[in-house]
1. Extension gain Ile155-Gln137, at 0.36 nm per residue separation less the Cα-Cα distance, in nm?
2. Glu309 to Glu407: extension gain in nm, 0.36 nm per residue of separation minus the Cα-Cα distance?
3. What is the Cα centroid distance between the range 37-101 and the range 267-336, reported in whole angstrom?
4. Could you please state, rounded to a whole Å, how far the C-alpha centre of the range 338-358 is from the C-alpha centre of the range 160-177?
5. Hey, if you put +1 on the Cβ of every Lys and Arg and -1 on every Asp and Glu Cβ in the chain, which of Val247, Ser414, Gly446 ends up farthest toward the positive end of that dipole?
6. Of the listed peptides 50-63, 120-133, what is their order by residue-averaged count of other C-beta atoms within 10 Å, with the highest listed first?
7. For the chain, what is the convex hull volume of its Cα atoms per residue in Å³?
8. Assuming R0 = 45 Å, what is the FRET efficiency of Lys263 and Lys54, from their Cβ-Cβ distance, to the nearest 0.05?
Amino acid sequence: MTVTEYDLIVRSSNILTPGGRVDGQIAVLDEKIAAILGPDVQAPARKTLDVGDKPVIPGLIDTHCHFRDPGYTHKEDFYNGTIAAAAGGVTTVFDMPNVDPPTTTVDRLKAHLENAQSKSIVDFGHNASGVEPENIQGLADAGATAFKVWMMQDIGRDYPHPPGTSLTNHAVLYRVFEEVKEAGLPLYIHPHDQALYDLFVRRAQAEWGMDFRSYARALRGGDGVVLNTAIATILEFQRSVGTKLHVLHLSTRDGVRMVRDAKAQGRPVTAEANPFALFVTNDWANIEKKGPYALGFWVPENDNPSMWEAVLDGTIDVIGSDHGPHTKEEKEVGWTDMYTAPGGSPMIEQYLRLLLTEVNKGTMPLERVVEMCSTQPAQLTGFYGQKGAILVGADADLVVLDMDHEEVLTASHSHYRCGWMPSEDFNTKGRPVTTILRGRVIMQDGNVTAEAGSGRLLRPHRG
Ligand SMILES: [Zn+2]
């Protein structure tokens, strides 16, 4: 009888598996979880990591990040962005298509994936731009893992919603639903009504001027009608066509209600919440204090409770970091003219810490964090079984947590090129201490050690 020598064994009395918490040993061979052994089994391994009672969870999967590469690498690039991901416990990323050029064609997608492959230190896929319905089948064949459409266009600026990412014509959008359904991939939509937004922007500028307060209020003119009418429209398109729809940036109480209803009917609808909307911009005091560095979008007081309800009751399926760095120079403008300054803020390195802090406060169990950050993103993208759970046969993507570590967050301890973040000065309790990608330790105590290009492109399973 030959005894298998494993590449790595991770011992913990607190391993979060789909079947519950386990006291045992995760045995890794050839990048995969080969076995989950009992605590007393003697198994030979080249390396053993005994973490005591520290929780071990599956690596996080971020389905919504903006690494600004290619085209805007003065803000960040794929290498730098995935280092921050690894430091935050994220082992798989799916980046968004508002790069230059946006990924609207097969050639652009291929070039994008090649560039990402040369730099990424975590596993990755790409959400291609779905604004050209005639290109969708080709993009799907070339390896897009999902399609993204913004129903929003910028007014008075050309980033972060450049041409090639936005679609405001409902007939074309309906065609996109049809094509993405045929491609067998999920459609991610940033809901927005551009004509209504124009109206509320004009009103906000007339009443409050051009600063960050005016900008924050403009999107929420008419108590969420800019967002809710769009959510109603895309849910109706989904009902009509049957496409797998992922509603991004859910943040209104009526949006929550509509998504909840669609899901109760058994339709393939999922929804995303963003950390900045749960922890930063849901408090006007943060917007006053951090100004353009907080935005993003504001979540008013009458919408905030339904957001957290949706997080706790399962209406929210996925936490997407919406990691979106810009330089300080670009943001500074927003104190006086936020309509010219870009929206978006970096988050990929801190969102797990913010969620663990809520676990420590008793807001939700750690299992719920794993569902929203690992399991359900894996199901949404079609990679469950390979990613998103501590299961035999899955990639050995693991994160060890120190739930007792207290920390005041600061950008100077982050890996961000931009040098700032919206969660600056936040008190947190709980952090990832070790990140393991396919059996290799890529982060230990904040030190990231992985070669550019060591991440692997994920090929989608369509259907
Ligand atoms: Zn985004």
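1. Details: separation 18, 0.36 × 18 = 6.48 nm, distance 3.09 nm.
So the chain would gain 3.4 nm between Ile155 and Gln137.
2. Numbers: separation 98, 0.36 × 98 = 35.28 nm, distance 2.67 nm.
Gain on extension, Glu309 to Glu407, equals 32.6 nm.
3. After rounding, the separation between the Cα centres reads 22 Å.
4. 26 Å
5. Val247
6. Working: 50-63: 22.5, 120-133: 25.8.
Result, highest mean first: 120-133, 50-63.
7. Values: hull volume 60.2 nm³, N = 463.
So the per-residue Cα hull volume is 130 Å³.
8. Details: r = 34 Å, r/R0 = 0.76.
Efficiency computed from Cβ-Cβ geometry: 0.85.
Here, each number is a calculation from the coordinates, and none is a lab measurement. In this text, all values refer to a predicted model and were calculated from it rather than measured experimentally. FYI the Cβ positions are ideal-geometry reconstructions off the backbone, even for glycines, and counts take in every protein chain you see.
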